[in-house]
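A.B. asks: Before we start, here is the structure in question, set down as structure tokens.
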Amino acid sequence: MTAMRERPIGVFDSGLGGLTAVRELRRLLPHEDIVYFGDTGRVPYGTRGVDTIIRYAKQDIAFLLEQKVKFVMAACGTVSSTLPAEFSAALPVGFTGVVQCTAQAAAAATKTGRIGIIGTPATIASRSYEAALRALRSDVQITAQSCPLFVPLVENGYFNADNEVTRLVAEDYLKPLQKAEVDTLILGCTHYPLIAPILAKVMGRQVALIDSGRETALCTAALLREADLLRNDGHIGTAQYFVSDSTESFATLSGWFLGEYAGGDVTRISVDHYPADGGISQ
Ligand code: DGL
């Protein structure tokens, strides 16, 4: 039996977005193996109903548990805002979503207390980031904006810094945040760091952008260290990618994005038959 420490870290998202966390994990923890699942056959999650998002997330987690992961990271703002805490607490391995870690970083970064949040419709409707921020700092003024077009734009490769279509969409979505003069902007969806240069250009250099993928990778590394679950055998970490749709476009786009950190095959799987209760009986 593989020792717990030697097992991979499991990461999932509806598609490419979670790779923003994988890139950071590979940099922070080069000795760890990573199993990534991108549910590209069912992306986007953020425009769906809560019941559907929860069912999809539980099936994704069941797949990762079958891969014998030692930890599950929901590298998805939508799942993190929707999955009931009782479910993640009952998992047989450690778990983190992105909301808490990202809110902590934003609360620490803001000087004026004016924080903007952008996310998918489901994330913004859940008010998850707002609740986490208010619990950390009662004086914050929050402006939240749902940005439903960003995920399809990213999944279709519209993330180059000079992409005019994405810039025009960003200018429209970010207007209320500019008006509110936020000094900190939470990229509350893990797809958004892929268009961070465009968002930075629109918001201006004075606004700090908080990358949920990056912050959650930092949290995951700290949680694994605390639990004494990091490898200490000098192993060179690998990454294995699984998707629920064509491997071709994912391989191209992810390779473009992960660059030297890609290092792993992409395999297509079907996730529909995985148990809708995540394979754990509560
Ligand atoms: N990366 C996911 C998130 O962080 C995107 C969700 C979606 O598929 O709409 O919210």
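A.B. asks: Identify, please: which residue in the stretch 18-53 is farther than 23 Å from residue 225 by Cβ and among the hydroxyl-bearing types (Ser, Thr, Tyr) and is, among those, surrounded by the most Cβ atoms within 10 Å (Cβ to Cβ)? So that I can check it myself, show each step before the final result.
C.D. replies: First, the residues of the stretch 18-53 that are farther than 23 Å from residue 225 by Cβ: 37-53.
Then drop every residue that is not among the hydroxyl-bearing types (Ser, Thr, Tyr), which leaves 40, 45, 47, 52.
On the way: 40: 21, 45: 26, 47: 14, 52: 13.
This residue is 45.
A.B. asks: Within the stretch 181-202, is there a residue that is buried (at least 23 other Cβ atoms within 10 Å of the Cβ), in contact with a Lys or Arg (Cβ under 6 Å, 6 or more places away or on another chain) and within 20 Å of residue 111 (Cβ to Cβ)?
C.D. replies: yes
A.B. asks: Another question about this same structure. Within the stretch 149-190, can you find the residues that are of a type in the set (Val, Ile, Thr), at pLDDT 95 or above and in a loop (DSSP other than H, G, I, E, B)? Lay out the reasoning, then the answer.
C.D. replies: The initial filter retains those residues of the stretch 149-190 that are of a type in the set (Val, Ile, Thr), namely 151, 154, 165-166, 169, 182, 184, 186, 190.
Going one step further and asking which of them are at pLDDT 95 or above, we end up with 165-166, 169, 182, 184, 186.
Of everything in the stretch 149-190, just one residue is of a type in the set (Val, Ile, Thr), at pLDDT 95 or above and in a loop (DSSP other than H, G, I, E, B), namely 182.
A.B. asks: Output the residues belonging to the stretch 3-51 that are β-branched (Val, Ile, Thr) and either more than 16 Å from residue 74 (Cα to Cα) or near the ligand (Cβ under 9 Å from one of its atoms) (or both). Walk me through it before giving the result.
C.D. replies: Of the residues in the stretch 3-51, the ones β-branched (Val, Ile, Thr) are 9, 11, 20, 22, 34-35, 40, 43, 47, 50.
Hits for the stretch 3-51 are 20, 43, 47.
A.B. asks: Looking at (1) within 16 Å of the ligand (Cβ to nearest atom); (2) within 19 Å of residue 218 (Cα to Cα); (3) touching a Phe, Trp or Tyr at 6+ places or on another chain (Cβ under 6 Å), which is the only condition residue 93 fails?
C.D. replies: Answer for residue 93: the failing condition is (1).
A.B. asks: Now for a different question. For residue 109, work out the one condition from (1) under 14 Å from residue 177 (Cβ atoms); (2) touching a residue at least 60 places away in the same chain (Cβ under 8 Å); (3) surrounded by fewer than 23 Cβ atoms within 10 Å (Cβ to Cβ); (4) not β-branched (Val, Ile, Thr) it doesn't fulfil.
C.D. replies: Answer for residue 109: the failing condition is (1).
A.B. asks: If you check 101, 76, which single one turns out to be modelled with pLDDT of 95 or more, within 17 Å of the chain's Cα centre (by Cα) and over 24 Å from residue 255 (Cα atoms)?
C.D. replies: Values: 76 fails: over 24 Å from residue 255 (Cα atoms).
Every option except 101 fails the conditions.
A.B. asks: Restricting attention to the stretch 1-26, report how many residues are in a helix (DSSP H, G or I), within 19 Å of residue 57 (Cβ to Cβ) and of a type outside the set (A, V, I, L, M, F, W, C).
C.D. replies: Of the residues in the stretch 1-26, 1 are in a helix (DSSP H, G or I), within 19 Å of residue 57 (Cβ to Cβ) and of a type outside the set (A, V, I, L, M, F, W, C).
A.B. asks: Out of the residues in the stretch 191-213 that are assigned to a loop (DSSP other than H, G, I, E, B) and more than 18 Å from the chain's Cα centre (by Cα), which is nearest to the ligand (Cβ to nearest atom)?
C.D. replies: 207
A.B. asks: Taking the conditions exactly as written (closer than 30 Å to residue 31 by Cα, in a loop (DSSP other than H, G, I, E, B), in contact with a strand residue (DSSP E or B) (Cβ under 7 Å, 6 or more places away or on another chain) and within 15 Å of the ligand (Cβ to nearest atom)), does residue 216 satisfy them or not?
C.D. replies: The answer is no for residue 216.
The values are calculated or read from the model by the stated rules, or taken from the named source; none is laboratory data. Keep in mind that what you see is a predicted model, and the values were worked out from it rather than measured. Reconstructed Cβ throughout: ideal geometry from the backbone, glycine too, with neighbour counts over all protein chains shown.
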